[in-house]
Every structure is written in C-alpha cells, then in structure tokens.
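J.: Take a look at this one; I'll ask things after.
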Amino acid sequence: MITLNIHDIRKQPGLSMIWEYEDTPDIAEVELADKVSATLKLTNVSSRILVEGSIRTAVKLECARCLADYVCPLEFSFVEEFLPEGSPELVEKEKLDWEDLNLFSFSDDILDIYEMIRQNIITALPVKPLCSEGCKGLCPVCGKSRNTETCSCPVEEDEDEGFSTPGFINSN
Ligand SMILES: [Zn+2]
Ligand SMILES: [Zn+2]
C-alpha cells in the first residue's frame, strides 16, 4: 500500500494538490533497477479525484534479441481517476467485468496509489525490449552474442523483421 491523505482537497471541488513520491515498491512482475520517482497532481472534480501523474524509474529487462539483461529507463505520464467506494460506476464496472478499464476506488479520504503505480509501470514496459537499437542478436548457429563475440559460422541472409520486401502485393 502507498497511501495518501486527500482530506484537504475533498473539502471543495476544484482544489488540487501535488504529491511527490520516491521509493522502491515491490512489484512482482518486474525487477526495478532504480527507485520510482513520481509526481502526482490530484484534483477534486466533484464526484471523483483526477490524478495526472508522471513517473521516472528504470527496470531490468532481458533483450529480445541477444537475451542479455539490461537496464531500461522508463519515463512516462498518465491520467487516472479514483472514485469513492460504492460509486455507481464502480458497481457497474464490477457487474460488467470490465477488466481492461482502469478505475480505482478510495474511502475515508485515503487513496492507495500502489495499484495505480504498478499498473502504469507494467503498461509502460516495451513490447519488444532491446538492449540497444543496433543489437546484433545471437548467432543462429553457435548461439554466441554477436554484440560481444565474432564467430566464424557461415553467415546467412539476415531476416531482420525490420526490413520488409518492398512492392510485395498480397494477392488474396
Ligand atoms: Zn541485445
Ligand atoms: Zn556463430
């Protein structure tokens, strides 16, 4: 849990506050390589709390081409909403099982932002992690990393997915 008291801005719609967070939370799905630094602007918009945030951190990932571990910096912004527990929208969400819709709840003027931070970090992870743009990957014959070693295996035509055949027309 990462909790935050929003009593002061709950008094009146339009009030907002800035909250700076810096720590290393436990996130099961990813290994953090740096602390998480977040700046959150919380605004009371009548029935809900709007959160405009930005996060900076770094995670340890495995390169999809050469399989080496590397540190991937992450920096991104997001917008989320927190609704008071028991809000019609939250009840509706549960009923319809909208798993992909992010809606967070709070009660007693306390926001728990752990889940919001966790979900946003996971969403920001690269789909295809690469240690560098020019990573040469592994030799398909001997399996050595072409970034660090030069082997004498016969070189085959590189079938990098970055290059497609120009002018190819699908006749289906
Ligand atoms: Zn690599
Ligand atoms: Zn080789």
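J.: If you build a Gaussian network model of the chain, linking Cα atoms that sit under 10 Å apart, which residue out of 77, 16, 132 swings the most?
T.: Looking only at 77, 16, 132, the biggest GNM fluctuation is shown by 132.
J.: With +1 on each Lys and Arg Cβ and -1 on each Asp and Glu Cβ, and nothing else charged, work out how big the dipole of the range 3-124 is about its Cα centre, in Debye to the nearest 20.
T.: 380 debye
J.: Let's test this: bin the Cα-Cα distances of the chain at 10 Å from zero up to the farthest pair and state each bin's percent.
T.: Per 10 Å bin, starting at zero, the Cα-Cα P(r) for the chain comes out as 8, 27, 24, 17, 13, 8, 2, 0 percent.
J.: Along the positive direction of the dipole of the range 103-153 (beta-carbon charges: Lys, Arg +1; Asp, Glu -1; about the Cα centre), which of 151, 129, 111 reaches farthest?
T.: Working it through, the farthest residue towards the positive pole turns out to be 151.
J.: Here's something else I'd like to know. Of 57, 43, 150, which has the largest mean-square fluctuation in a 10 Å C-alpha GNM of the chain?
T.: For the chain, modelled as a Gaussian network with Cα springs under 10 Å, the answer is 150.
J.: Considering only 79, 66, 51, whose Cα is most displaced toward the positive end of the charge dipole of the range 50-99, charges sitting on Cβ of Lys, Arg (+1) and Asp, Glu (-1)?
T.: With unit charges placed on the Cβ atoms, the residue in question is 66.
J.: If you fit an axis through the alpha-carbon atoms of helix 114-124 and take the longest principal axis of the Cα set of the chain, what angle between them do you get, 0 to 90°, nearest 10?
T.: Taking the Cα atoms of the chain, the angle to 114-124 is about 30 degrees.
J.: Net charge within 9 Å of residue 136 by Cβ-Cβ distance, Lys/Arg positive one each and Asp/Glu negative one each, not counting residue 136 itself?
T.: In short, +2.
J.: For each of 131, 139, count neighbouring Cβ atoms within 10 Å of the residue's Cβ, then give the residues from fewest to most.
T.: With the fewest neighbours first, 131, 139 line up as 139, 131.
J.: With +1 assigned to the C-beta of every Lys and Arg and -1 to the C-beta of every Asp and Glu, and no other charges, what is the dipole magnitude of the range 6-72 about the Cα centre in debye, to the nearest 20?
T.: Result for the range 6-72 is approximately 420 debye, rounded to the nearest 20.
J.: Sort 82, 104, 76 by Cβ crowding within 10 Å, fewest neighbours at the top.
T.: 76, 104, 82
J.: Have a look at 73, 129, 140 and tell me which one the Gaussian network model of the chain (Cα, springs below 10 Å) gives the largest fluctuation.
T.: In the Gaussian network model the winner is 140.
J.: Now, a different point. Where in the chain is the longest stretch that carries no GluC sites (Glu not before Pro) classed as loop by DSSP and with at most 12 other Cβ atoms within 10 Å? The partial results should precede the final answer.
T.: On the way: sites that count: 29, 85, 99, 133, 149, 156, 157, 159, 161.
Within the chain, the longest run free of exposed GluC sites (Glu not before Pro) spans 30-84.
Quick note: the coordinates plus some simple rules give every number you see, no bench work behind them. From a predicted model like this one, the values you see are computed outputs, not experimental measurements. Every residue, glycine among them, receives a Cβ derived from its backbone with ideal geometry; neighbour counts consider all protein chains shown.
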